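Input: a single structure, listed below in C-alpha cells.
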Amino acid sequence: MTTTQTNIRNVAIIAHVDHGKTTLVDGLLKQAGTFRTGEVVAERAMDSNDLERERGITILSKCTAVTWKGTRINIVDTPGHADFGGEVERVLGMVDSVLLLVDAYEGAMPQTRFVTQKAFEMGLKPIVVVNKIDRPGVDPHQVMDQVFELFVSLGATDEQLDFPVIYASGRQGYAIRELGEEPKDLGPILDLIIEKVPAASGDPDAPLLMQVATLDYDDYLGYMAIGRMRAGRAKVGDRVLLAHRDGKKEEFRVQKVLGFQGLKRFELAEAAAGNIVAFTGMQELNVGETITSITEPTILPLLKIDAPTITMNFRVNDGPFAGKEGKYVTSRNLAERLHRELKSNVALRVEDTADAGVFRVSGRGELHLTVLIETMRREGYELCVSQPQVILKADENGKTLEPYEDAVIDLDEAYVGAVVAELNRRLGIMSEMRPSAPGRTRLEYRIPARGLIGYRSQFMTDTRGTGVLYTQFAEYGPQGPDIRTRQNGTLISSEDGVSNAYGLFYLQERGQLFIGPSIKNYSGMIVGIHARDNDLVVNPNKVKKLTNIRTTAADEKLVLAPPRQLTLEYALEFINDDELVEVTPQSIRLRKAILDHNVRKRFEKKPAEIDD
C-alpha cells in the first residue's frame, strides 16, 4: 500500500543557463535559516567544485534540503547547459514537481523548452518562477504568455497548464505572488512548494527499492549512492542487494545512511520511502543501478538518456615533451580514467579504436567534453585530443543524416550583418529575427552542428564580446554540403629549440603568433596563424648571427606584439582534422598529427595520386 509522507516534499529546480537557479537555492537556504548568523557563505554555494566557480555555471546536479514550517523540502539544483542535459534527465525521477525558472528579461529560451519537455514526459506538474523581476526593462506578462505558448506546443495536459506562478528576485532575496505586492522575503516560494507539490509517496513497509540517480566518492566512505527511496526502509547494518547494469548482483552491508541539510550531510539512524538519501558500503557503483531487498528483489529499468552528438579522439601524448609535465601519461592511465568517468557521467560514451592508445569519446557537445578534458588536466593527466566531429546516422533508405541545432542569438544591431553572413556561409537557416530590447536584436537559426564547431570564438570577435549565443540539439536531418570552417593556414615550427625575440620579430608579419620569446617548442608544433590559407614551416628559434662588422641597423629595437593566449575551448575550435591539441597540467599546445615535415608532405600527396 502506497502511503504519503506528509512532511516531505521533493522538488528540482530547472531552467535555461544563467536564469538564476543556483542563486535562488542560496536564497532559499538562507530563508530557511540553514546558515548561522554571521556565517560566511560563498556566493552560489551549491557550485562547489573549482571549474563550476571559475565558469559560473553548474556542471553536476546536487541535492540539498531545508526545513520550513515543520516540512522537509528536498531540493535538487540542476545544470542549465544542454551539454549536461544527462544530469537533468536522471534527477527528474527523484522528484514530484519542478520549479521552472524563467528570466523575466530573456523569456523562454531553447534549454527552457528542453528541460520542460523532459519534466512533462515524466508527468511532473511545474511551478513557474519568473525570476530577476528587479532587472530594468522586464515584461513579466509577456514572459508568462511565452511560457503558456511553450507548454501548449509541448502538448501539456490541462492539469499541467493550470500551473501556479510566483515572481521572484533570487539575488535580492524576495518573492511575491502578485505583481505590485510588497516584497519581503523568499518565504512565499517555500509556502507555495508545501502547498502545491504533492507529498512524497512510497510504502515504507514494502521491500526496499531505490534507483541510484547520482553518485559521489569519498576517500573514507567509498562510493555513495544518492537517490530517492521508492519503497521500504533501510538502516545502518542492513544487508541489501545492488543490481549492476551488466547483470551482476552485489550483496553489501549498509555502512552509513546519510541525509542532506543545507550544504552538509548528516547520518540518519533509518531512512524510509519518499526521502532522498545516500547509502555507502558497496564495492562498485554506476548511475542508474538499483538497490533493493535481498529476499524480494525488484530491479528497475536503467535510465534512458539521449544519445551523444559530438565525438573526438583522446590519445596518448606522443610528442617530444611527453611525460615532462604530467603525472599520468600512459594509455593504461588514460583508459582507467575514462572508464571511471563513465560511472557517473551517464551521457558520455567511450570506445576503443583500432589504433593502440587512441580512445573515441562521445558526448553531448563541445562544452561537455571540454569540461572532462579540463578536469583530467587538473588531475595530472597528459593527453592529445583531435578535432570534434559530429556523429552521423543513416535513415531507413540509407541516406546520411547529421545533427542540427537550434541557435538563439542576442546581439547589438550594429553586428547583425557580420553574424548573418557567417551563419549563412555555415549553412544556417534563419527562422526568426526580431528586436529583443532597445538597440538589440534576437536571431533564431536552425544550423548543422558541424557548422557551429569553431564558431563561438569568431562570434565573440564579430560582436566585440557583446553577443550571446545559445544552442540546443534539435534533430537529425539530411547531410548538407561541406563547410570550410577555418580560413587561415598555420605557422609550423621547423625544429626543436627555444623561441627568441629575433626569430619571432620577422615571423609576426606573416600572421598572429601563439608563443612569445623563451618558449620551448618542437618540430611540427603550431606556433601561429598564417595570414594566408596555406601552412608555412618557419623557424621561431632563429638567433641573430654575431659579427664584428658594425652597421647602423645592428641594434634596432625589436617590438613584439603580444601572442594570442590559448584556451582549451579556442584550441579545440581552431584545429583542423590533421591537427591535435596537446593538453598537459601546465600547457596547452597545438601540433600537427604527423610531426615530421617530410612524412607529412608525402601523406598530403597520397590522396592526389589516388584521384589521378
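The values are calculated or read from the model by the stated rules, or taken from the named source; none is laboratory data. What you see is a predicted model; the values in this text were computed from it and never measured. Cβ sites come from the backbone with ideal geometry, for glycine too, and all protein chains shown count toward neighbours. Each accessible area value is taken on the protein alone, full model and side chains, heavy atoms only, with ligands, DNA and RNA left out. Shrake-Rupley method; radii C 1.70, N 1.55, O 1.52, S 1.80 Å.
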**Prompt:** Cα centroid distance between segment 463-500 and segment 204-265, in Å?
**Reply:** 45 Å
**Request:** Before anything else, pin down the relative contact order of segment 363-482: Cα pairs under 8 Å, at least 6 apart, normalised by residue count, whole percent.
**Result:** 32 percent
**Prompt:** Mind checking the dipole of the chain: about its Cα centre, +1 per Lys or Arg Cβ, -1 per Asp or Glu Cβ, Debye to the nearest 20?
**Reply:** 1560 debye
**Prompt:** What is the ratio of the Cα radius of gyration of segment 341-397 to 2.2 N^0.38 Å, where N is its residue count, to two decimals?
**Reply:** 1.28
**Request:** Could you state the angle between the C-alpha long axis of helix 366-378 and the longest principal axis of the C-alpha atoms of the chain, as a value from 0 to 90 degrees rounded to the nearest 10?
**Result:** 80 degrees
**Asked** How large is ³J(HN,Hα) for each residue in segment 416-433, as worked out from phi by the Karplus curve 6.51 cos²θ - 1.76 cosθ + 1.60 (θ = phi - 60°), to whole Hz, x for Gly and Pro?
**Response** 4, x, 5, 5, 4, 4, 5, 5, 5, 5, 8, 6, x, 10, 6, 10, 7, 8
**Message:** Taking 8 Å as the Cα distance limit and 6 or more residues as the minimum spacing, I'd like the relative contact order of the chain as a percentage.
**Reply:** 10 percent
**Prompt:** What is the magnitude of the charge dipole of segment 95-189 about its Cα centre, with +1 placed on the Cβ of each Lys and Arg, -1 on the Cβ of each Asp and Glu, and no other charges, expressed in debye to the nearest 20?
**Reply:** 320 debye
**Prompt:** In terms of solvent-accessible area of protein heavy atoms at a 1.4 angstrom probe, what is the ranking of Cys63, Cys384, highest value first?
**Reply:** Cys63, Cys384
**Prompt:** Can you pull the accessible area of Met433 for me, 1.4 Å probe, Å² to the nearest 10?
**Reply:** 100 Å²
**Asked** Carbon and sulfur together cover what percent of the accessible area of segment 398-492 at a 1.4 Å probe radius?
**Response** 53 percent
**Anisotropy class of segment 375-490 from Cα gyration tensor, a/c 1.5 cut** = oblate
**Prompt:** Across 10 Å bins from 0, what is the distribution of all Cα-Cα pair distances for segment 454-612, in whole percents?
**Reply:** 9, 31, 31, 19, 8, 2, 1, 0
**Message:** Classify segment 443-518 from the C-alpha gyration tensor, please: rounded if a/c falls under 1.5, else prolate or oblate depending on whether a/b exceeds b/c.
**Reply:** prolate
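With runs of 4+ DSSP H residues as the only contributors, calculate the mean residue ellipticity of the chain at 222 nm using -39,500 (n - 2.57) per run, divided by the residue total and rounded to the nearest 500. Don't skip to the answer; put the middle values down first.
Details: 15 runs with 141 residues, N = 612.
Here the helix-only value at 222 nm equals -6500 deg cm²/dmol.
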**Message:** Under 4 °C and 1.567 mPa s, how fast does the chain diffuse according to Stokes-Einstein, given a Kirkwood radius computed over C-alpha pairs? Answer in µm²/s, whole number.
**Reply:** 48 µm²/s
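Please identify the trypsin sites (Lys or Arg not before Pro) of segment 187-272 that satisfy two criteria: DSSP loop assignment and at most 15 other Cβ atoms within 10 Å. Which are they?
When the trypsin sites (Lys or Arg not before Pro) of segment 187-272 are filtered for loop state and at most 15 Cβ neighbours within 10 Å, Arg245, Lys248 remain.
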**Sequence-distant lysines (8 or more away, or on other chains) whose Cα lies within less than 24 Å of Lys520** = Lys324, Lys327, Lys542, Lys544, Lys545, Lys557, Lys592
**Request:** Quote the accessible area belonging to Asp352 in square angstrom, nearest 10, computed with a 1.4 Å probe and with ligands, DNA and RNA left uncounted.
**Result:** 110 Å²
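Leaving out ligands, DNA and RNA, what percent of the accessible area of segment 269-326 is carbon and sulfur, probe 1.4 Å?
In segment 269-326, the share of accessible area belonging to carbon and sulfur is 50 percent.
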**Asked** For the chain, with the dipole built from +1 on Lys and Arg beta-carbon atoms and -1 on Asp and Glu ones, taken about the Cα centre, which of Thr64, Ser523, Phe148 lies farthest toward the positive end?
**Response** Ser523
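If you take the Cα Rg of segment 263-416 and divide it by 2.2 N^0.38 Å, with N the number of residues, what do you get?
Rounded to two decimals, the normalised Rg is 1.40.
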**Item:** Net dipole in debye of segment 306-373 [+1 Lys, Arg Cβ; -1 Asp, Glu Cβ; about Cα centre; nearest 20]
**Value:** 220 debye
**Request:** Report, in degrees rounded to the nearest 10, the 0 to 90 angle that the Cα long axis of helix 21-31 makes with the longest principal axis of the chain.
**Result:** 40 degrees
**Prompt:** Using the scaling law 2.2 N^0.38 Å as the reference, what is the normalised Cα Rg of segment 156-206?
**Reply:** 1.52
**Message:** Just the number please: accessible area per residue for the chain, 1.4 Å probe, all protein chains included, in Å².
**Reply:** 46 Å²
**Asked** Which of Gln586, Gln487, Gln117 sits closest to the plus end of the dipole of the chain, meaning its Cα is farthest towards the positive end, when Lys and Arg get +1 and Asp and Glu get -1 on the C-beta?
**Response** Gln586
**Message:** Can you give me the % of accessible surface on segment 138-202 that is carbon or sulfur? Probe 1.4 Å, all protein chains present, nothing else counted.
**Reply:** 44 percent
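With the Cα gyration tensor of segment 124-227 in hand, convert its eigenvalues to equivalent ellipsoid semi-axes via √(5λ) and list them largest first in whole Å. List each step's numbers first, then the result.
Working: eigenvalues 227, 82, 46 Å².
Working from the Cα gyration tensor, I get semi-axes of 34, 20, 15 Å.
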**Request:** Diagonalise the Cα gyration tensor of segment 207-347 and give the resulting equivalent ellipsoid semi-axes, square root of 5 times each eigenvalue, largest first, whole Å.
**Result:** 34, 18, 14
**Item:** Accessible surface, 1.4 Å probe, highest first, among residues Tyr381, Tyr105
**Value:** Tyr105, Tyr381
**Fill in**
Helix 187-196: inclination vs the chain longest Cα principal axis, degrees, rounded to 10, gives 60 degrees
**Item:** Dipole of segment 215-309, positive direction: furthest Cα of Gly288, Ala272, Gly259, with charges on the beta-carbon
**Value:** Ala272
